[in-house]
Amino acid sequence: MNNYEFINVEIKDRVGIIEFNYVKKLNALSECFIQDILHALIVLNVPEIRCVILRAPKGSKVFSSGHDINELPKTKRDPLSYQDPLRILTRTIQRYPKPVIAMVQGSVWGGGFELIMSTDIVIASDKSTFAMTPVNLGVPYNVVGIHNLIRDAGLHVMKEVIFTANPITAEKALKIGILNHIVPDDELESKTLEIANLICEKAPLAIEVIKEEMRVLCEANAINPDEFERIQGLRRYVYDSLDYQEGLTAFFEKRKPNFIGK
């Protein structure tokens with residue numbers, strides 16, 4: 001099961017475990033890393049597996065550092081298009097026929113935040129932190145990504161999380177509905193496996209249909225074509241802007257960006 005470069009895959013009874021192994025880049029959501037996760041999800045999509053866990057290695061300080069900034073386009077092109085690897089991964093998890101649990105140890109940044117919000121259940125260490133950081137880079141996040149972020153938590157709270165890019169604690173994340181449970185580091189794995197094994201005892205066909213029903217109902221928010229085109233036009237204006245270039249340049253130069261609103 002471990003014919004992968006950037007992840008390790010293990011099966012415990014009827015639970016498939018995908019452990020990130022991209023430590024040199026703090027589990028940044030690079031295309032190569034995501035391709036390994038997508039392939040593992042295909043392999044684990046068999047009747048014998050009833051639930052899948054996504055996790056970082058034990059003792060990790062960073063669960064995921066988010067979208068790989070090196071892979072964001074430097075030219076005037078949508079930084080988060082429909083075929084962006086992160087977009088493909090979140091869609092795959094949401095449409096996956098088995099429950100996917102995020103077992104979070106360490107900090108979660110940017111696209112990693114959306115990744116866990118796309119899973120079905122999130123269980124975190126009480127020492128974990130969560131930050132949504134596109135405004136640090138001048139990145140105009142896309143409509144589906146924003147929907148994934150605001151669907152499960154209070155709108156005003158998520159506006160603050162996104163507008164300030166300040167990390168929030170696991171305790172606050174639990175209060176606003178991002179997490180299902182927080183537990184001490186040394187209980188994280190056992191608590192996650194306890195819930196996964198409980199799911200494995202239930203009727204898998206019923207769970208598959210109910211998960212899909214929930215996805216469809218949560219996405220049943222109509223947006224008319226004119227408004228969608230208007231938002232896309234606003235996004236194009238941002239990724240064509242000087243601020244977008246400044247955000248990326250400042251990141252690579254390891255300095256604070258100076259955004260001018262142009």
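Nothing in this text is a laboratory measurement; each read-out follows from the coordinates by a stated rule. For clarity, every value in this text was computed on a predicted model and none was experimentally measured. Note that we place each Cβ from the backbone using ideal geometry, even for glycine, and neighbour counts take in every protein chain shown.
Put a dot 7 Å past the Cα of Lys12, heading toward its Cβ, do the same for Met214, and the two dots end up 2.1 nm apart. Per the Cα gyration tensor, the range 1-135 maps to an equivalent ellipsoid with semi-axes of 23, 17, 14 Å, ordered largest to smallest. What number comes out for the charge environment of Lys175, summing +1 per Lys or Arg and -1 per Asp or Glu over other residues with Cβ under 15 Å away? Local net charge: -3. Just so you know, the Cα atoms of the range 103-152 work out to an Rg and Dmax of 11.2, 31 Å. Packing-based ranking of 15-21, 31-37, 5-11 yields 15-21, 31-37, 5-11, ordered from highest to lowest mean Cβ neighbour count within 10 Å. The per residue volume of the convex hull around the alpha-carbon atoms of the chain is 127 Å³.
With contacts taken as Cα pairs under 8 Å at a separation of at least 6 residues, the range 1-110 carries a relative contact order of 30 percent. The spread of Cα positions in the range 8-73, taken along each principal axis and listed from longest to shortest, comes to 39, 28, 13 Å. Remark: relative contact order (the chain) = 18 percent; criterion is Cα-Cα distance under 8 angstrom and separation of 6 or more residues. Among the listed pairs Lys25/Lys256; Lys76/Lys159; Lys127/Lys175, a Cα-Cα separation exceeding 24 Å is found for Lys76/Lys159. What the Cβ-Cβ distance of Asn3 and Gln83 gives, at R0 = 22 Å and to the nearest 0.05, is a FRET efficiency of 0.30. Annotation: peptides 249-257, 59-67, ranked by per-residue average of other Cβ atoms within 10 Å with the highest first, follow the order 59-67, 249-257.
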